[in-house]
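Note sheet for the following structure.
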Amino acid sequence: LLMAVGAAGFLLSSLPLLFTALFFMGAQSAMLSPAKYGLIPEMVEPHLLARANGYVEATTFLAIVCGTAFGGIILPTAGPAYVGWVFVCVSVLATFCARLIPAGGHAEASRVSINAFGEVFRTLNRTMRKPSLAAPLAGLAYFWFFGALLQMALLLFVKQEMGLGETANGILLT
């Protein structure tokens with residue numbers, strides 16, 4: 001359903017629909033990501049946990065890179081209608097693949113804090129006291145920050161300074 005909103009946004013050239021789909025995709029990722037990483041310890045042996053987390057992180061990053069490349073190449077050549085259908089088909093395929101994941105155990109219900117910022121700061125405070133967690137967390141934060149910064153700078157450079165189009169931009173962003 002969410003990708004259908006995005007597809008409609010592309011078909012109708014509607015920025016409000018596209019931004020609505022983008023917002024809800026981000027919210028969906030933020031809500032489901034903890035479940036994705038929380039299920040890993042239930043599915044793999046403890047000595048394989050780091051490797052499994054690495055595979056999940058690598059495939060997530062690979063999906064972002066491939067999606068960026070695919071979007072930059074296919075949108076100018078095939079048009080928005082085709083991209084919309086690809087969105088819907090990929091989301092349907094992903095839903096079927098998600099059904100193949102075995103159900104995990106049920107965790108104890110925990111209290112959810114209404115103060116999201118306070119919870120973030122408490123978690124960061126606990127994490128920063130453990131150097132074995134603080135260093136990888138800082139590295140991951142810097143990686144994503146500089147990756148996003150470089151992506152935006154490259155986007156502007158390719159368009160304004162090099163005068164290249166969307167296809168070249170998509171290829172260079174990957």
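Against the longest alpha carbon principal axis of the chain, how many degrees, from 0 to 90 and to the nearest 10, is the axis of helix 2-12 turned?
Between helix and principal axis, roughly 20 degrees.
So, with a 1.4 angstrom probe, what is the percent of accessible area on the chain that is carbon and sulfur?
Details: 9640 of 13160 Å².
It is 73 percent, rounded to a whole number.
Rounding to the nearest 10 and keeping the result within 0 to 90°, find how far the Cα-based axis of helix 80-99 lies from the longest principal axis of the chain.
Rounded to the nearest ten degrees, it is 20.
Using only the alpha carbons, work out the radius of gyration and Dmax of region 80-155 in angstrom.
When restricted to Cα atoms, region 80-155 yields Rg and Dmax of 19.3, 51 Å.
Pick from VAL88, VAL65, VAL112: which is most flexible by mean-square fluctuation in a GNM of the chain where alpha carbon atoms under 10 Å apart are linked?
Highest fluctuation of the listed residues: VAL112.
Placing one identical point scatterer on every Cα of the chain and ignoring solvent, what is log10 I(q)/I(0) from the Debye formula at q = 0.13, 0.14, 0.15 Å⁻¹?
-0.92, -1.05, -1.18
Quick one: accessible area per residue over region 26-174, 1.4 Å probe, rounded to a whole number of Å²? All intermediate terms of the calculation are to be shown ahead of the outcome.
Details: 11470 Å² over 149 residues.
Here the residues of region 26-174 average 77 Å² of exposed surface.
Taking the Cβ-Cβ separation of TYR37 and ILE171 as r and a Förster radius of 35 Å, what is the calculated FRET efficiency to the nearest 0.05? Please report the intermediate quantities before stating the final value.
Values: r = 31 Å, r/R0 = 0.89.
Efficiency at R0 = 35 Å is approximately 0.65.
More than 17 Å apart: what percent of Cα pairs in region 1-90 qualify?
Numbers: 2387 of 4005 pairs.
Roughly 60 percent, rounded to a whole number.
How large is the convex hull of the Cα atoms of region 52-96 per residue, expressed in Å³ as a whole number?
56 Å³
If amide hydrogens are placed 1.01 Å from N in the peptide plane, which non-local residues have theirs closer than 5 Å to the one on VAL44?
Result for VAL44 returns nothing.
Each residue of region 48-53 in order: what ³J(HN,Hα) in whole Hz does its phi give by Karplus 6.51 cos²θ - 1.76 cosθ + 1.60, θ = phi - 60°, with x for Gly and Pro?
Computed from phi, the couplings for region 48-53 are 9, 4, 4, 5, 5, 4 Hz.
Could you work out [θ]222 nm for the chain from helices alone, using -39500 (n - 2.57) per DSSP H run of at least four and dividing by all its residues? Round to the nearest 500 deg cm²/dmol.
Numbers: 7 runs with 137 residues, N = 174.
So the helix-based figure for the chain works out to -27000 deg cm²/dmol.
The values are calculated or read from the model by the stated rules, or taken from the named source; none is laboratory data. Bear in mind that the values here come from a model prediction, so they are computed numbers and not experimental data. Reconstructed Cβ throughout: ideal geometry from the backbone, glycine too, with neighbour counts over all protein chains shown. Heavy atoms of the whole protein, side chains included, go into the accessibility calculation; ligands, DNA and RNA do not. Shrake-Rupley method; radii C 1.70, N 1.55, O 1.52, S 1.80 Å.
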